[in-house]
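Peer 1: Okay, here's the structure, questions in a sec.
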Amino acid sequence: MSHLYLGIEIGGTKLQLILGTCSGEILERQRLDVEPSRGGAGIREQIQTALPTLIRGRVITGTAVGFGGPVDFKTGNIACSHQIEGWSEFPLGSWLENQMQGPVCVENDANTAALGEALAGAGQGQNPVFYITLGSGVGGGLVVDGQIYHGRVPGEAEVGHLRLDREGTVVESRCSGWAVDARIRSAALKEPESILAKLAAGMVKGEARHLRTALDQEDALAHRLLEEIAEDLAFGLSHVVHLYHPEVIVLGGGLSLVGEPLRGAVEKALKGFVMEAFAPGPRVVLAALTEDAVPMGALLLAAKNSSRS
C-alpha cells in the first residue's frame, strides 16, 4: 500500500485534517469548527480527539500543518495567531511529533495553500506560482520549482502588508473580507436604493457575500466597488510581478468566490500597472482547490518533507 500522509489546516474558524497519499489522493477527512473562546488549547484538544478516529492504527509516514499565522518553519514554533489566543511561541512541531511519533512540518497557511494550488490546483504546470488568499486577512505564498519560497525568518510573502501609499494604507485594509464588508456598508448608506444595499441591509459582517448576486443583476454600485477593489488588488500585485515574475497568480480565499467578475477585473487592471517590458504579465486565475487548498498543500508538503528525510 502507498505511504500515508496527514495534512492539517489550523485556522481561526475551522480545523481540517485529511489523510491521503503522496499523489494528493484524499482517503479520509475531518472538518471541525473552531471555538475561539477555547483558544489554542481547545484546538489542540480537538486534534488529539480526532487523530485516533482518523488514523485507526495505520502508519503515517509524515505530517504537515498549514497554520493561520506567522510561524518559524525551521523550528516548527508558532510566532502568534492574530485570531486565536494561546498560540504564541507554542512548539507545535514538536508537540505534534509526540502525537504522531513521526516527522512533522509546520508552515504558514498561505504558503501551504500556494503549494497545494501549484502542484494540484490552478497553478499546475506553471512556474513560478504566486497565490493570494482574500479572506479575513490577505496572505500570499510563492512557489518556485515546486518548492515554497522562504525569505529570511520570519519573512514570508506578506502581500497583504504591501503599502498602497505613503500614509500606510495596505492591501489588507482595502481588499480583505472585512475591508470589503466595510466598503459595502459605507457605500450602501450613500446609495440605499441600490441592489447591493438592499441585499446587505441590516448586516454588520459578511456583506461581501452579496457582491456576486448584485453584479449578476447589473447593479451599478456593485460594479463600481468591484473596479475599485480590483484596482487596489492589482496595484499591490504589480509589485509582486516586478519582483518575482510569476507565470500565474492564483486568487483564493472567500472573496475569490465572487468568481470571474473579480478575476477578469484584476487581470485587466494589472496590465495597466505592469511595465511594457513585462507585458502581457502573468495570467490571473481562480483557485481550483477552494477550501481544500490548505490541507491539500499540507498533505503534499508532508510527502515532500518525508522524501527528504
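Peer 1: Loop-only check: which trypsin sites (Lys or Arg not before Pro) in the stretch 104-179 are DSSP coil with at most 12 other Cβ within 10 angstrom?
Peer 2: Working: sites: Arg152, Arg163, Arg166, Arg174; in loops: Arg152, Arg166.
In loop regions of the stretch 104-179 (DSSP not H, G, I, E or B), the sparsely surrounded trypsin sites (Lys or Arg not before Pro) are Arg152, Arg166.
Peer 1: Output the antiparallel fraction of DSSP beta bridges having both residues in the stretch 124-288, as a percent to the nearest 5.
Peer 2: Details: 9 of 18 bridges.
The antiparallel proportion sits near 50 percent.
Peer 1: I'd like the GluC sites (Glu not before Pro) in the stretch 138-185 restricted to DSSP loop residues with at most 13 other Cβ atoms within 10 Å, sorted by number.
Peer 2: Details: sites: Glu156, Glu158, Glu167, Glu172; in loops: Glu156, Glu158, Glu167.
Passing sites in the stretch 138-185 are Glu167.
Peer 1: First measure r as the distance between the Cβ atoms of Leu32 and Arg58, then evaluate 1/(1 + (r/R0)^6) with R0 = 22 Å and state the FRET efficiency to the nearest 0.05.
Peer 2: 0.65
Peer 1: Would you mind checking the tilt of helix 293-308 against the longest principal axis of the Cα atoms of the chain, expressed as 0 to 90 degrees and rounded to 10?
Peer 2: It works out to around 40 degrees.
Peer 1: In whole angstrom, how far apart do the alpha carbon centroids of the stretch 256-305 and the stretch 24-103 sit?
Peer 2: Centre-to-centre (Cα) distance: 27 Å.
Peer 1: Here's something else I'd like to know. Taking the Cα-to-Cβ direction at Met275 and at Ala41 and moving 7 Å from each Cα, how far apart do the two end points lie in nm?
Peer 2: According to this spin-label approximation, the distance is 5.5 nm.
Peer 1: Turning to a different aspect of this structure: Going by average Cβ neighbours within 10 Å, how do the peptides 276-286, 123-133, 55-65 rank, with the highest at the top? Mind showing how you got there, number by number?
Peer 2: Numbers: 276-286: 15.0, 123-133: 22.6, 55-65: 18.3.
Most protected by this proxy first, the peptides run 123-133, 55-65, 276-286.
Peer 1: For a quick size check, give me the Cα extents of the stretch 124-288 along its three principal axes, largest first, whole Å.
Peer 2: So the extents along the principal axes, rounded to whole Å, are 49, 31, 31.
Peer 1: Taking the Cβ of Trp87 as the centre, find all other residues whose Cβ is under 13 Å away and add up their charges (Lys, Arg: +1; Asp, Glu: -1).
Peer 2: That sum, taken over residues with Cβ under 13 Å, equals -2.
Peer 1: Using the alpha-carbon atoms, what tilt in degrees (0 to 90, nearest 10) does helix 39-55 show relative to the longest principal axis of the chain?
Peer 2: 60 degrees
Peer 1: Same structure, new question: With the crude spin-label approximation of a point 7 Å out along Cα→Cβ, what separation in nm comes out for Glu25 versus Ala220?
Peer 2: In this crude spin-label approximation the distance works out to 5.6 nm.
Peer 1: When DSSP assigns beta bridges and you keep just the ones with both residues in the chain, what percent turn out antiparallel, to the nearest 5?
Peer 2: 55 percent
Peer 1: Here is a further query. In whole Å, what are the extents of the stretch 171-221 along the principal axes defined by its C-alpha atoms, from largest to smallest?
Peer 2: The principal-axis extents, from largest down, are 27, 20, 15 Å.
Peer 1: So how tilted is helix 109-120 from the main axis of the chain? Cα-based, degrees 0 to 90, rounded to 10.
Peer 2: The angle comes out near 90 degrees.
Peer 1: Same structure again: Quote the FRET efficiency, to the nearest 0.05, computed for Lys14 versus Leu243 with a Förster distance R0 of 30 Å and r equal to the Cβ-Cβ distance.
Peer 2: Working from the Cβ atoms, E equals 0.40.
Peer 1: Another question about this same structure. Quick one: length gained pulling Arg185 to Arg163 fully straight, 0.36 nm per residue minus the C-alpha distance?
Peer 2: Extending this stretch completely gives an extra 5.6 nm.
Peer 1: Is any residue of the stretch 205-222 close enough, with backbone N under 17 Å, to a label point placed 7 angstrom from the Cα of Glu260 along the Cα-Cβ axis, and if so, which?
Peer 2: Label zone hits: 212-219.
Peer 1: Could you give the length gained by full extension between Gln83 and Gln147, i.e. 0.36 nm per residue of separation minus their alpha carbon distance, to one decimal place?
Peer 2: Roughly 20.3 nm would be gained on extension.
Here, each number is a calculation from the coordinates, and none is a lab measurement. Everything numeric here is computed off the predicted structure, so don't read it as measured data. In this analysis, Cβ positions are derived from the backbone assuming ideal geometry, glycine residues included, and neighbour counts consider all displayed protein chains.
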